[in-house]
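Working notes, beginning with the structure itself.
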Amino acid sequence: MNNRRRINQERVARTDRILDSAETLFVEKGFLSTSIQDIAEKADFSRTSIYQHFKNKEEVYARILERYTDGLIERVTLAMESKTTVRDKIAAFVGEMRSVAKDTPNFFELYFIERHQLEPRLPSDMKIRLNKKRKKLENVFRDVYQEGVRKGEVRDIRAKDASNLFFAQIMGMMLLHAYYDEEFDVSLDGHLDLSLQLFLEFVEKTADHQKVKKLSFTPNPQEGNHDDANR
C-alpha cells in the first residue's frame, strides 16, 4: 500500500469515527444541545481535529444525512432491479424504507425530527445539498413510475405528483408513528401495508380509471419552469 492511499484511508476512518460519534450525541442529546467539544470527546479527538475535517457542527450533521441517504438510494435501487412489474418495484421500494426505519432508526430521527428543529440554522448552500440528495431519492421513484406509464401499468399522471403522493403517504405514516406510536392500535408495519395498498389501488391502471379524464394537479406558480417540473 503506497503512502498516499494509507493516508487517505486513515482520513476516511477518522471522518467516519467523528460522524458516528456525532450521530450518537445528536440522537441522545439533540443537535442544539451537542457541541463540537462534545463530539471531540466522544470521538476521542481534539476540537482542532474535528475542524480539520468539518467546518462546523452543521456540516457534520449534513454529512450524516448524506451518508444515510446515499445508502438508502443504493438499497432501493438494488431491491427493484430484480422486479419486473412496477407494482413489485414500488412494493420493494417500501420494503427497503421499512427496513431502514427498523435497522437505522437514527436516520429517521435525524432526518425528520431533528432537521425540522434546526432547518432555520442551516446555511442556504447546505439546504441545497440536502435537497439534492432528497430529489435523487425521489427521482429513483419517479423513473420507475414513468416506466409504468410507458408500459400502461399505472395511470398517466405526472411522475412528480405520483412521487409526492407516495412519499407523503409512506413517510407521513412513519412520522406519525415516530411521534404517536403508543396511541395506535395498528403497528407501523400494518399501516405501511395499508398505505402501500391504497396507493397502488389509486395509481394502477384499470378500466374504471380509463373512463375518467387524465388526472392532473395544478402546479405551484412558485415552481417556475425548472427542468423537473413535469417529472
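Each reported figure results from applying straightforward, stated rules to the coordinates on display, with no laboratory input. On a predicted model such as this, the values are computed, not experimentally measured, just so you know.
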(message) As a test of the formula, what do you get for the chain when each DSSP H run with n ≥ 4 contributes -39,500 (n - 2.57) and the sum is divided by the residue count, at 222 nm and rounded to the nearest 500 deg cm²/dmol?
(response) -23000 deg cm²/dmol
(message) Output the 0 to 90 degree angle, nearest 10, between the alpha-carbon long axis of helix 188-203 and the longest principal axis computed from the alpha carbons of the chain.
(response) 40 degrees
(request) Would you count, across segment 26-184, every pair of lysines whose alpha carbons are under 13 angstrom apart, provided the pair is eight or more residues apart or spans two chains? (result) 4
(request) Rank Phe141, Phe166, Phe45 by mean-square fluctuation in a GNM of the chain with C-alpha springs under 10 angstrom and give only the top-ranked residue. (result) Phe45
(message) Which residue fluctuates most in the GNM of the chain (Cα springs below 10 Å): Arg14, Arg155, Arg98?
(response) Arg14
(message) If I take all pairs of Cα atoms in the chain, what percentage of them are more than 28 Å from each other?
(response) 42 percent
